[in-house]
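Input: a single structure, listed below in C-alpha cells.
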Amino acid sequence: MEAATSPFGRAVAEYLAVLTDERRLSPHTVEATRRDLAGFVDHCARAQTLEPEAVTVHQVRAWMMRLHRDGHQPVSLQRYLSSLRGFYRHRLQRGLGDRNPAVGVRAPRHRRKLPQVIDAEVLGQALDQPAEGTRALRDLALVELFYSTGLRLAELQTLDVAAVADGQTELRIVGKGRKERLVWLGRKARSALDAWLPLRQQWLRGPEPALFLNPRGGRLSRTGIAQALKAWATRSGLGSHLHPHRLRHAFATHLLEDAGDLRAVQELLGHANLATTQIYTQVDFRRLAEVYDRTHPRARKRPADEGDA
C-alpha cells in the first residue's frame, strides 16, 4: 500500500480539505502543509506505520534527526513540526485519537538573520530622485508603496487597482492566516501611485485588475517585482541590493526609531505575536534608554539646579 493511499495519507487529505474549505487558508499555505505532511507520511510508511494513531513521539524525533542530517535548516524543521502539530491538533478536536505525538519534540533553534537596515536619509534621497518613463514610474510607485505600508511581497503583488482608486489612502489588507489589518499610504506613496496609474493604461491589454502590470499587460509577478526593485536601486544610486523584505524591515525599524511603539508596529506588520516583531525589527536601544530616562518616574533625572539634600 502506497503512503498516499494509506489511512494516514487519506487522513492528511481530509485535513487539507478542511484547511481549504473551512479555514479558507491560502493555496500557498495549504500546498506547503501538504508537502510537509507528505514527507512525514512517507517517513512513517518506511516503518510500516500507516495509521495516524500508531505514530509515536520517537518516530517524530527520528524524522527530525533524519532531516537534520540531510541538511534541512532549523527554520524548515520548525515549520515541518508546526504542520504536524496542527494536523494532530485537528484530529484531537474532532475526537480522532487521544494524543499529539509532535508535542514536546523540538527542532534545532535558529538565529534569524536580519537584513542590514537602510538609513532613512539615504533611502529618502534615493526616493526623491526624479523618475521618467512608464517603467521607472511604476518601479518608484512599487518602492514607495512597500516603504509606506510595510506590506509583504505576496500582499503587494495581489493588490488590485480598486484598492487604491479615488485617492484612497487607507488599505484593508488580508494577510497570513486570513488576518485583516489596515495600512496607510503616505503622501509620497500616494503621489507616486497617482503618477503611475495613468501610465498603466499604456500596458493594459484587457480586463486586468492588477495594480502593477508588466509590459505585456499581465499582473507583475513576484519575480518581476524583485527585478523591478533591483533595477530601481541601480538607477537611483542607492548602492545596495534591495528586495521587498528589506523595505518591510526598513519600514518597521524607522517607525520604531521615531515612535518606539512596538505594539503599533506589530499591528501594522500584521504579526500575530509580539515576539515576532521583536525578532524582526532592530530597536534603537540608545533611543529607548533615553525615553526611559525621560519618562519613568523613578528614573527621571533631577533638574541641574537641584543640589544634594
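Coordinate-derived values only; no laboratory data. Here the structure is a predicted model, which means the values were calculated and not measured. As a convention, Cβ positions derive from the backbone with ideal geometry for all residues, glycine included, and neighbour counts pool all protein chains shown.
If you bin every alpha carbon distance in the stretch 56-148 into 5 Å steps from zero, what whole percent lands in each bin? P(r) for the stretch 56-148, in whole percents per bin: 2, 11, 14, 12, 9, 7, 7, 8, 10, 9, 6, 3, 1.
Principal axis extents of the Cα atoms in the stretch 3-93, from largest to smallest and rounded to whole angstrom, are 35, 27, 22. Summarising the label geometry, the points placed 7 Å from Cα in the beta-carbon direction at residue 32 and residue 267 lie 2.6 nm from one another. Between residue 53 and residue 24, residue separation times 0.36 nm minus the direct Cα-Cα distance comes to 7.8 nm. Using the Cβ-Cβ distance between residue 65 and residue 94 with R0 = 30 Å, the FRET efficiency computed as 1/(1 + (r/R0)^6) comes to roughly 0.50. Fully extending the segment from residue 191 to residue 17 would add 58.3 nm, taking 0.36 nm per residue of separation and subtracting the current Cα-Cα distance. Computed from label points 7 Å out along Cα-Cβ, the spacing between residue 241 and residue 199 is 2.7 nm. Contact order, relative form, for the stretch 3-93: 34 percent (alpha carbon pairs under 8 Å, 6 or more residues apart, mean separation divided by residue count). Mean sequence separation of contacting Cα pairs (under 8 Å, at least six apart), scaled by the length of the stretch 47-191, corresponds to a relative contact order of 15 percent. On full extension, the segment bounded by residue 181 and residue 163 gains 5.1 nm, given 0.36 nm per residue less the C-alpha separation.
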